[in-house]
Amino acid sequence: YWILQMNPTKFLPDIDYSLLHREGELDWWGIEKYIKKVKEEDTVFVWHSIDKRNRAATKPRGIYAQGIVLSVWPNHSPDAQEKIIQLKQEDRPLWADSNERIKQETKPDILMKYSKTLKCPLTKDEIVNAGLGYIHIITYPNQGICSLSESDAAQIMKLLEDKSKIHKSATS
């Protein structure tokens, strides 16, 4: 289980990257740390950090999506490698700095599929209040990827499920 951190500061300010996540869609992530430990079928949670350009208008830190790893560098199948190349050519996400894009594209990468996207994220405060304030994305917020224990991931999935039920009942 992994938390992948998306830093809004690295993308164009008028793009809400959290709205680009769609259930069933594929995405790629450049990862250096833990790349040899990430495996196909691992669960990932996408964490949005603070946009330091505009703290007043930023969305809360937290988990905005969940997905599954389909392929990990250097063992990409030709189909997976082709899909990653295609995704990179689509210019998504829209980088604020072309140097950042080049930096990310040269890192080892994973191919993932979004399995759940959240209209209402699981916020940092909700995670801390649930007794998970010790997980690395909270204690070391500058990590691009953090590992999670199976029990912590199970607790996060339960929080996501409970939040989804509350959101559905509130909107119906």
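Tabulated results
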read-out: Index of the failed condition, S169 passing every other in (1) more than 18 Å from P8 (Cβ to Cβ); (2) at pLDDT below 85; (3) in contact with a strand residue (DSSP E or B) (Cβ under 9 Å, 6 or more places away or on another chain); value: (3)
read-out: Pairs, first over 19 Å from Y34 (Cβ atoms) and of a type in the set (A, V, I, L, M, F, W, C) in region 147-163, second open to solvent by less than 40 Å² (accessible area, probe 1.4 Å) and in a helix (DSSP H, G or I), C-beta under 6 Å, six or more apart; value: L159/A130
read-out: Qualifying positions in region 1-41 - open to solvent by less than 40 Å² (accessible area, probe 1.4 Å), modelled with pLDDT of 80 or more and not in a loop (DSSP other than H, G, I, E, B); value: W2, I3, L4, Q5, M6, D27, W28, W29, G30
read-out: Matching residues in region 71-114 - criterion: being closer than 21 Å to K37 by Cβ and open to solvent by 60 Å² or more (accessible area, probe 1.4 Å); value: W73, P74, N75, Q81, T106, K113
read-out: Those residues of region 115-135 which are assigned to a helix (DSSP H, G or I) and either without any contact (Cβ under 8 Å) to a residue 60 or more places away in the chain or open to solvent by 30 Å² or more (accessible area, probe 1.4 Å) (or both), in sequence order; value: K124, D125, E126, V128, N129, A130, G131, L132
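The values are calculated or read from the model by the stated rules, or taken from the named source; none is laboratory data. A quick note: this is a predicted structure, and the numbers were derived from the prediction, not measured. Cβ coordinates were reconstructed from backbone atoms using ideal geometry, including for glycine residues, and neighbour counts include every protein chain displayed. With ligands, DNA and RNA removed, areas are computed over all heavy atoms of the protein, side chains included. Shrake-Rupley method; radii C 1.70, N 1.55, O 1.52, S 1.80 Å.
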